[in-house]
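Beneath this line is the structure, given in structure tokens, with notes to follow.
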Amino acid sequence: MAVTAGPLAGVRVVELAGIGPGPFAAMLLADLGADVVRVDRPGGGGLAIDPVHDVTNRNKRSVLVDLKAAGGPARVLDLAERADVLIEGFRPGVAERLGVGPDDCLARNPKLVYGRMTGWGQEGPLAHTAGHDIAYIAVTGALGMIGSPGEPPAVPANLVGDYAGGSLYLVIGILAALQHARTPQGAGQVVDAAIVDGTAHLTAMIHGMLAAGGWQDRRGANLLDGGCPFYGTYETSDGGYMAVGALEQQFYDTFVELLGIGDRAPARKDLARWGELREAVAARFKSRTREEWTALFEGTDACVAPVLSLREAPHHPHLASRGTFTEYGGITQPAPAPRFSATPTRVTSGPALPGADTASVAADWGVPALLPKEA
């Protein structure tokens, strides 16, 4: 019989409340079945939205602890003693000053994986300075690659830095360290997940191409950055957009044939005529609506897809059939990913409200000191 609690069932995670990549990483662990307890501070301090809509806190439980009050750090250490993982996203040195740094926690629990999520990392000239996703991806070269030539770099929301270069690398590090800690000679350790490190790591293939002379160090001049006329986006007659990724010859042949320019398209390998090819492709896409082009290319190997909005995406036939999005508590949201054959995952609870689960965590984790003292 398949287990329904997820592959990380039985793993206990303490998350010291923050914003951005830390909560997202903890959500991913919770989606995978870990028992994630979020330590919220009295008075909040998260996103400037109603906590009932903060999807990054789904599948978690929350307790309230004032780390600056007497006894606050001790409560966190009590939880750390019983946990497998702890996640914090303070600036370097803050957790230590609060009394919940790695040394304090590992002294109580030598097998603990202590995950640190920051932008600049725990050391380096900028380690103690403030920053956000856009600055981290800027200095790694990732931001400078994105956008049209002659225009400012395009900002990819906070997906590349916070979540791809930050959260996902933190989770990879945590799972690797957890595996090591559970070996016979293993021990707990600190995972230093810096967004600058993870984002730089994401550009590995591009650096290889750059060294080989197959990538120009400027925007809009390369195969994958919009410089190629058969890898980019095109406007339709109704103001929508279509995304084209017909890189391989066989896919390109299907693309130009269905687009209606197969008999007059310039040779795709003639870079001197890429501008002419782009104009021909753009003119054709402008002749029909996004819906019409979608219907024409649907189910073919032309590698063309409509550019959908966030509200449109859940209704795409393929995503709908796979259940890529789900609805819980009246909120349409991405379903847990990836998928597992023996330990399926799902959304089991909405966003944890600050302090709402203090009683259940106190009982389940055996930390009665979490409960407020009676007057």
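A few notes on this one:
- Looking only at region 105-130, residues that are of a type in the set (Gly, Ala, Ser) and either farther than 21 Å from Leu16 by Cα or buried (at least 22 other Cβ atoms within 10 Å of the Cβ) (or both) come to 3 in all.
- Cβ separations smaller than 7 Å between residues 6+ apart or across chains give the following pairs from region 10-31 residues that are over 10 Å from Leu170 (Cβ atoms) to residues that are open to solvent by 20 Å² or more (accessible area, probe 1.4 Å) and hydroxyl-bearing (Ser, Thr, Tyr): Pro23/Thr56; Met27/Thr56; Asp31/Thr345.
- Any chance Gln185 is assigned to a loop (DSSP other than H, G, I, E, B) and either farther than 30 Å from His128 by Cα or open to solvent by less than 40 Å² (accessible area, probe 1.4 Å) (or both): yes
- Criterion (touching a helix residue (DSSP H, G or I) at 6+ places or on another chain (Cβ under 9 Å), of a type in the set (Gly, Ala, Ser) and open to solvent by 30 Å² or more (accessible area, probe 1.4 Å)) met by exactly one of Ala142, Ala212, Ala154: Ala154
- Region 41-62: number of residues that are modelled with pLDDT of 95 or more and not in a loop (DSSP other than H, G, I, E, B): 6
- In this structure, Asp133 does not satisfy being acidic (Asp, Glu), modelled with pLDDT of 95 or more and open to solvent by 30 Å² or more (accessible area, probe 1.4 Å).
- Qualifying residues in region 16-59 (those that are of a type in the set (D, E, K, R) and under 24 Å from Gly99 (Cα atoms)) - the one surrounded by the fewest Cβ atoms within 10 Å (Cβ to Cβ): Arg41
- Condition met for Leu86 (within 27 Å of Val347 (Cβ to Cβ) and in a helix (DSSP H, G or I)): no
- Odd one out for Gly220 among (1) at pLDDT 95 or above; (2) at positive phi: (1)
- Annotation note: of Gly22, Gly6, the sole residue that is in contact with a helix residue (DSSP H, G or I) (Cβ under 8 Å, 6 or more places away or on another chain), assigned to a loop (DSSP other than H, G, I, E, B) and among the small types (Gly, Ala, Ser) is Gly6.
- If you go through region 170-201 and pick out every residue that is in contact with a helix residue (DSSP H, G or I) (Cβ under 6 Å, 6 or more places away or on another chain) and under 30 Å from Pro149 (Cβ atoms), you end up with 4.
- Number of positions in region 103-127 that are touching a residue at least 60 places away in the same chain (Cβ under 8 Å), part of a loop (DSSP other than H, G, I, E, B) and of a type outside the set (S, T, N, Q): 6
- A single member of Asp225, Asp238, Asp217 is in contact (Cβ under 8 Å) with a residue 12 or more places away in the chain and either farther than 23 Å from Leu296 by Cβ or in a strand (DSSP E or B) (or both), and it is Asp225.
- In region 128-144, the residues that are in contact (Cβ under 8 Å) with a residue 12 or more places away in the chain and on the phi < 0 side of the Ramachandran plot reach residues that are open to solvent by 30 Å² or more (accessible area, probe 1.4 Å) and β-branched (Val, Ile, Thr) with C-beta atoms within less than 8 angstrom, at least six apart or across chains, in these pairs: Asp133/Val160; Ile134/Val155; Ile137/Val160; Ala142/Val160; Leu143/Ile134; Leu143/Val155; Leu143/Val160.
- When each of Val65, Val76, Val55 is tested for being more than 22 Å from the chain's Cα centre (by Cα) and over 22 Å from Ala187 (Cα atoms), the lone residue that passes is Val65.
- None of Ser321, Ser349 is modelled with pLDDT of 95 or more and either under 20 Å from Pro7 (Cβ atoms) or charged (D, E, K, R) (or both) except Ser349.
- Strands (runs of 3 or more DSSP E) enclosed by region 261-375 - at least 1 residues per element that are surrounded by fewer than 16 Cβ atoms within 10 Å (Cβ to Cβ), in contact with a His (Cβ under 9 Å, 6 or more places away or on another chain) and touching a residue at least 60 places away in the same chain (Cβ under 8 Å): 331-334
The values are calculated or read from the model by the stated rules, or taken from the named source; none is laboratory data. Being a predicted model, the structure only gives us computed values, none of them experimental. Don't worry about glycine lacking a Cβ; one is built from the backbone with ideal geometry, like all the others, and counts go over all protein chains shown. These area figures cover heavy atoms from the full protein model, side chains too; ligands, DNA and RNA do not enter into them. Shrake-Rupley method; radii C 1.70, N 1.55, O 1.52, S 1.80 Å.
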